[in-house]
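Heads up, the thing below is written out as structure tokens.
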Amino acid sequence: MYLTILFYILIKTQVSNSNCGCQLSRETDSCGDNPAAKYFKDVNEDFNDGAQTPHKVNIEDMALIKRNTFTMGTDKPVFVSDYEGPVRNVTVATFYLDAHEVSNIQFMEFVEQTGYKTEAEVFGDSFIFEMFISKEEQEKHKDYRAVQAPWWIKMMGVSWKHPEGPLSDIKNRMDHPVIHVSWNDAVKYCSHVGKRLPTEAEWEMACRGGLHQKLYPWGNKLMAKGQHWANIWQGDFPQINTAEDGYISTSPVVSFPPNKFGLYNMAGNVWEWTQDSWASDTDLKVKKGGSFLCHESYCWRYRCAARSHNTADTSASNLGFRCAADAMKNNL
Ligand SMILES: [Ca+2]
Ligand SMILES: [Ca+2]
């Protein structure tokens, strides 16, 4: 009897695992119970995010963004299904926002202090853009391509410190944004440093840098003054990236001109997680800003009004974050 039950459990487990597809989001619905939720506690059992010991937030490298009412969204949506519109007035209280995306060196310090393991490390894989791995690896992982976007491959051994697989490292890009971090990882990092993720409204108001209804943080013209203002894709997506802006992949977190609020790479470089859910009853989280993979022909989402989403446990090679903090008296 016990053997029969054990056999049934084993078979059920195998069937359930084989159903976990290679969509860009780790869809918890199609995979039954979220495996990360099960392992997360154990792996990070001793993790202490410091929340019990409130401390003054280090506002160095943060911009103070004063309370304002701004016009959020657009009435000229490029992706209607992303709910980019309609425009509406939103009032945002004064807050601080990191001047740049969280870098590898910052994330490494967090891991060294806490022993934290990211979800990509717990799952054992993450999504990587095909161009960054060899043809041999691509062939090996041909069954792990995202159905809707086959240039994304779910690859074993990919994590924040091994962004292109076990043999890769980050030693020459410590000042680049940390990638392969999930929303859950981002929340843990921000909490550790006494901060939090920005809301979508905070992020978008910050992106606009005080400009009214402009496409980009610097205005409406992509190549204003004949120069590049963000790390995006030049060429024919997804085959040819001419990298005319100087970067085929991520750029340092402080690169390209900052906007009027002193914020770097709000548009492009890596997507940035926000605090908000896509809808109240889902595990999908809003991300903003587009990435180095975005091209106008396919993913014109490096506009301030643009938005997209992933599940909270998804990680990828073009997705990072920055933190915000309340402008409370003890932070001033
Ligand atoms: Ca680029
Ligand atoms: Ca960015």
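Filter segment 222-255 for residues that are polar (S, T, N, Q) and either under 17 Å from L319 (Cβ atoms) or assigned to a helix (DSSP H, G or I) (or both); which is farthest from ligand 2 (Cβ to nearest atom)? Working first, answer last.
To start, the set of residues in segment 222-255 that are polar (S, T, N, Q) comprises 227, 231, 234, 239, 241-242, 249-251, 255.
After this cut, where a residue has to be either under 17 Å from L319 (Cβ atoms) or assigned to a helix (DSSP H, G or I) (or both) as well, the list is 231, 249-251.
Numbers: N231: 8, S249: 13, T250: 10, S251: 10 Å.
By that ranking, first place goes to S249.
Which numbered condition trips up W278, out of (1) more than 15 Å from ligand 1 (Cβ to nearest atom); (2) within 28 Å of P150 (Cβ to Cβ); (3) in contact (Cβ under 8 Å) with a residue 40 or more places away in the chain?
W278 satisfies all of (1) more than 15 Å from ligand 1 (Cβ to nearest atom); (2) within 28 Å of P150 (Cβ to Cβ); (3) in contact (Cβ under 8 Å) with a residue 40 or more places away in the chain except (3).
Every residue in segment 189-215 that is among the charged types (D, E, K, R) and under 18 Å from E109 (Cβ atoms), please.
K195 - this is the single residue of segment 189-215 that is among the charged types (D, E, K, R) and under 18 Å from E109 (Cβ atoms).
Only one of these conditions is not met by T242: (1) at pLDDT 95 or above; (2) away from ligand 1 (no atom under 15 Å from the Cβ); (3) polar (S, T, N, Q). Which number is it?
(2) is the only condition that T242 fails.
Table: residues versus (1) within 28 Å of N259 (Cβ to Cβ); (2) small (G, A, S).
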position: K161; (1), (2): no, no
position: S168; (1), (2): no, yes
position: R196; (1), (2): yes, no
position: E202; (1), (2): yes, no
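Does segment 162-213 hold any residues that are in a helix (DSSP H, G or I) and either of a type in the set (F, W, Y) or within 20 Å of Q113 (Cβ to Cβ) (or both), and which are they? Before the answer, list the steps.
Filtering segment 162-213 down to residues in a helix (DSSP H, G or I) leaves 183-192, 200-208.
Within segment 162-213, W183, N184, D185, A186, V187, K188, Y189, C190, S191, H192, W203 qualify.
Does segment 56-75 hold any residues that are loosely packed, with under 15 Cβ neighbours inside 10 Å and in a strand (DSSP E or B), and which are they?
N68, T69
Identify, please: which residue in segment 76-110 is crowded, with 17+ Cβ neighbours inside 10 Å and of a type in the set (V, I, T) and is, among those, nearest to ligand 1 (Cβ to nearest atom)?
That would be V102.
The values are calculated or read from the model by the stated rules, or taken from the named source; none is laboratory data. Since the structure is predicted, the reported quantities are computational estimates derived from the model, not experimental observations. Positions of Cβ are generated from backbone atoms using ideal geometry, with glycine treated the same way; all protein chains shown enter the neighbour counts.
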